[in-house]
Each structure stands twice: as C-alpha cells, then as structure tokens.
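For reference, the structure discussed in these notes is given below.
The values are calculated or read from the model by the stated rules, or taken from the named source; none is laboratory data. Every value quoted in this text rests on a predicted model; they were computed, and no experiment measured them. Don't worry about glycine lacking a Cβ; one is built from the backbone with ideal geometry, like all the others, and counts go over all protein chains shown. Heads up: the accessible areas ignore ligands, DNA and RNA and are worked out on the full protein's heavy atoms, side chains in. Shrake-Rupley method; radii C 1.70, N 1.55, O 1.52, S 1.80 Å.
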Amino acid sequence: MSGEERDDTTATLIDAEDAPSGTETLTDADSAGLANALREERDRLKEQLLRTAADYDNFRKRTKKELEDAERRGREDAVREMLPVFDNLERAVQAAGAASDVAAIVDGIKMVLKLFEDQTQRIGITRVPTVGQRFDPSVHDAIQQTETDEHPPGTVIAEVVPGYKLGDRLVRPAMVVVARKPSASA
C-alpha cells in the first residue's frame, strides 16, 4: 500500500514494508497507545459534533421565536394605528341614532373615512390605482368585461372593490370592470 492510497487514519500507521530503513515496526504498547489516542480524538470530535448540533437547534428555536415575536408586534402596531378609526365609527353610530340632520352624519362618516385613509398611509398601505389604468393582472382582478368604444380595450373602466398594497406587496387585488372592443355583430 503506497502513501497516496492511505486515508488519514491509516496514514499514521506505518507498515513495516513502507518504513524507511533503520525504523522499527510498532510494538504492541505503541499500538495500544495509538488506539487510545484515536479513541480520545473520536470521543472529542463526537462531543464537539453534539455540542454544535445542540447549538444549531437552540439557534433555530430562538430565531423562530424572534420571528414570531416580530410578527406579533407588527400586528399589534397595525391594530393600535386603527383603534382611533374604530372608536370614531362607534361614536358615529351612536350619534346617528340621536341625530336628525343626515348631512351632519354624512360629514362625520367622511371624517372617519379620512382618518382611516391617513392611518393606512401611515402604516404603508396604499390603494391600487384602477379607473383609467391599463388592466394589470398582478394587481387587478377582472370580474367583468364591458364592450365600449369610449375606452381603449384593456382599460379599467370601473372599480367594484378597491385593492391595497402594503409597501410593494399586494394585500388584496382590486376587483375591476375592464373595457373590451365591441363585437363585430354589434
């Protein structure tokens, strides 16, 4: 067996035929000492591997908990931002029961809606642009097509349900009506 064919464990043992001249073969005591040293090295590496596996498992658990906590805090912050809107809606309902002036109720609801829009902008929620825009399947959901000459085909002509984005991420697509070229028979 040549030196190139040996792996790391057998490389430490020298066969008598490969030993340089003047060296003696390993004795039983040397073999026992080498075996003990190899066992100790194996045990040390095994313990190190178990510690590394335990550290990784702890890291994974800690990271998962931190992500869950961050998600919970994010939801709490969003709810906290919306609480004034809910409070004002409750006040509007109470005032509507006793009010005789419908215009005042409408003005109050408009103020609550404005507050809602301000709060959503503060937390990064934006409305998806629709009417007059080119239909974009990544942010629009076409629920109907209408034949018309007034708008180019593929243009959004009505919004049924608004869509919203949180930053660059779509939260809900806008449900829209899209213009279609009139058929030849019409």
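Give me the angle, in degrees from 0 to 90, between the Cα long axis of helix 102-122 and the longest principal axis of the Cα atoms of the chain, rounded to the nearest 10. Helix 102-122 sits at roughly 20 degrees to that axis. Adding -39500 (n - 2.57) for every DSSP H run of four residues or longer, then dividing by how many residues the chain holds, sets the calculated 222 nm ellipticity at -18500 deg cm²/dmol. Taking a ≥ b ≥ c as the square roots of the Cα gyration tensor eigenvalues, region 77-180 comes out oblate, since a/c reaches at least 1.5 and a/b does not exceed b/c. As a length-normalised measure over Cα pairs under 8 Å and 6 or more apart, the relative contact order of region 71-151 settles at 29 percent.
Close lysine pairs were tallied over the chain: pairs 8 or more places apart or on different chains with Cα atoms under 29 Å apart number 7.
On region 62-186, 56 percent of the accessible area sits on carbon and sulfur atoms, based on a 1.4 Å probe.
Projected label points at residue 38 and residue 78, each 7 Å from Cα along the beta carbon direction, are separated by 6.0 nanometres. The label point for residue 64 and the one for residue 92, both projected 7 Å from the Cα toward the Cβ, are 4.3 nm apart. The 3J(HN,Hα) values that the Karplus relation (6.51, -1.76, 1.60; θ = phi - 60°) gives for region 137-148 are, in residue order, x, 7, 10, 10, 10, 6, 9, 7, 10, 10, 6, 7 Hz. Gly and Pro appear as x. Computed extension gain for residue 168 through residue 134, at 0.36 nm per residue and net of the alpha carbon distance, reaches 10.4 nm. Take residue 113: with every protein chain present and a 1.4 Å probe, its accessible area is about 100 Å². When only Cα pairs under 8 Å and 6 or more residues apart are kept, what is the percent relative contact order across the chain? Relative contact order for the chain comes out at 14 percent. Once both axes come from the Cα atoms, what is the angle between helix 28-98 and the longest principal axis of the chain, in degrees from 0 to 90, rounded to 10? So the helix axis and the longest Cα principal axis differ by about 10 degrees. What the chain shows is 78 Å² of accessible area per residue, with the surface traced by a 1.4 Å probe over protein heavy atoms. Rounded to the nearest 5, the antiparallel percentage of DSSP beta bridges internal to the chain is 60%.
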